[in-house]
Amino acid sequence: MNYILFDGSARKQLLPFTYTRPVAEIRIGILTIREKWEKILGSTTSTITEDYLADKWPLVELSENIMINASFLPTPEFIAQIEDLKANQAIFFEEEVIAFYTLEDQEVDFSTFEQIELKGDPFRVAHTWDIFSKNAEAIAADFELLTEDRTSAPISSSNFVKNRENIFLEPGAVVENASLNASEGPIYIAANAEIMEGCFVRGPFSLGENSALKMGAKIYGATTVGPYSKVGGEVNNSVIFGFTNKGHDGFLGNSVLGEWCNLGADTNNSNLKNNYAEVRLWDYETEGFAKTGLQFCGLMMGDHSKCGINTMFNTGTVVGISSNIFGSGFPRNFVPSFSWGGSAGMTTYKTSKAYEVAEMVLSRRGLEFSSVDKAILDQVFEDTKKFRRE
């Protein structure tokens with residue numbers, strides 16, 4: 001069977017992260033949503049997404065296909081229903097199609113399909129804040145998936161370890177003279193990742209391949225650090241997609257950082273309003289601030305954005321794609337994509353300069369800033385022009 005993950009209605013609620021990736025490429029827990037589905041289904045997947053993203057994530061359609069809404073994560077009940085799907089059948093949740101069986105080039109009319117209600121409780125990433133608020137559940141599910149019937153690499157006796165059976169090190173992981181407390185959730189350390197001496201880690205926690213916790217870092221669950229990232233200072237209940245650095249002291253809490261971001265030394269974010277009120281976040285669809293239902297909510301930062309030393313972010317700040325923030329004071333709690341400046345004011349970050357930086361940053365990882373990558377950012381620049389003060 002050929003499986004295709006489609007963005008669905010949640011895509012706009014997951015901006016700015018879905019400006020530069022399909023919903024399936026969002027990381028929550030240890031794995032991306034795509035990686036979860038592919039491991040469970042035992043099959044590769046392709047994507048239906050925005051046209052400007054399709055060159056990087058092309059659709060592969062075969063004679064028989066099952067389409068899955070990528071904002072819905074695999075649960076035992078959902079997996080069983082997908083495996084039982086037959087031609088002209090569709091699974092619904094609250095009147096939204098979340099999976100269906102289709103033939104190549106079939107003209108789909110759901111009024112002619114047999115409609116099946118989703119069984120069990122859904123696990124859905126429908127808003128940006130779901131990425132960190134549901135991360136504990138996602139880490140636990142991924143940990144079970146990745147470690148079933150496997151044995152962890154040895155954990156050095158130099159470490160303080162609590163609930164050893166809930167800690168898993170992949171081959172090549174290095175952890176020395178650290179505190180690992182898995183009482184509240186699992187700790188997963190990927191291949192060639194390093195936890196340096198003096199770090200304090202409380203699960204649930206995941207450290208991605210070739211990533212590092214720098215000396216003296218204090219990590220509270222549920223936190224995910226994706227691959228090729230460096231993290232220092234204090235982090236609480238946050239998700240870092242990958243290829244991103246928060247290498248110095250400073251607090252990051254109840255936050256999500258995309259790829260290719262960099263936080264300057266002593267960058268801090270607030271995750272609680274002084275009056276303890278519900279946090280509102282910028283909503284790209286309504287172009288206003290929306291209720292989150294959360295008391296704790298910090299920083300949402302899109303790909304390629306960066307900030308200088310001593311930057312301070314207010315509770316519930318959204319930073320778009322490829323912005324550069326610096327200076328004293330708090331920037332506004334919505335920073336449009338391709339913005340340059342800080343609390344004193346913003347100008348447009350010229351694409352020529354932004355792409356020059358992106359090229360240098362990717363080259364440090366042995367990667368190329370390709371014409372496809374540039375075309376994606378060109379489209380984001382155009383799509384977000386209305387939010388900037390030119």
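Things to note:
- Test: residue in the range 95-111 that is in a helix (DSSP H, G or I) and modelled with pLDDT under 95: yes
- Residues that are farther than 27 Å from PHE143 by Cβ, among the aromatic types (Phe, Trp, Tyr), more than 19 Å from the chain's Cα centre (by Cα) and in a helix (DSSP H, G or I) do occur in the range 41-63, at least one of them.
- Subset of the range 213-266 (residues that are on the phi < 0 side of the Ramachandran plot, in a loop (DSSP other than H, G, I, E, B) and of a type in the set (A, V, I, L, M, F, W, C)): MET215, ALA217, ALA222, CYS261, ALA265
- Of all residues assigned to the range 296-308, none qualifies as being loosely packed, with under 14 Cβ neighbours inside 10 Å and not assigned by TED's automatic domain parsing to the domain that holds ARG11.
- Restricting attention to the range 324-337 and to residues that are part of a loop (DSSP other than H, G, I, E, B) and either in contact with a strand residue (DSSP E or B) (Cβ under 6 Å, 6 or more places away or on another chain) or charged (D, E, K, R) (or both), the residue that is farthest from TYR284 (Cα to Cα) turns out to be GLY327.
- Positions within the range 192-206 being more than 17 Å from ILE240 (Cα to Cα) and either surrounded by fewer than 23 Cβ atoms within 10 Å (Cβ to Cβ) or not assigned by TED's automatic domain parsing to the domain that holds GLY233 (or both), in sequence order: ASN192, MET196, GLU197, GLY198, PHE200
- Those residues of the range 288-322 which are within 14 Å of LEU15 (Cβ to Cβ) and in contact with a Pro (Cβ under 9 Å, 6 or more places away or on another chain), in sequence order: MET300, MET301, GLY302, ASP303, SER305, VAL318, VAL319, GLY320, ILE321
The values are calculated or read from the model by the stated rules, or taken from the named source; none is laboratory data. Given the structure is predicted, the values throughout are model-derived calculations rather than measurements. Reconstructed Cβ throughout: ideal geometry from the backbone, glycine too, with neighbour counts over all protein chains shown.
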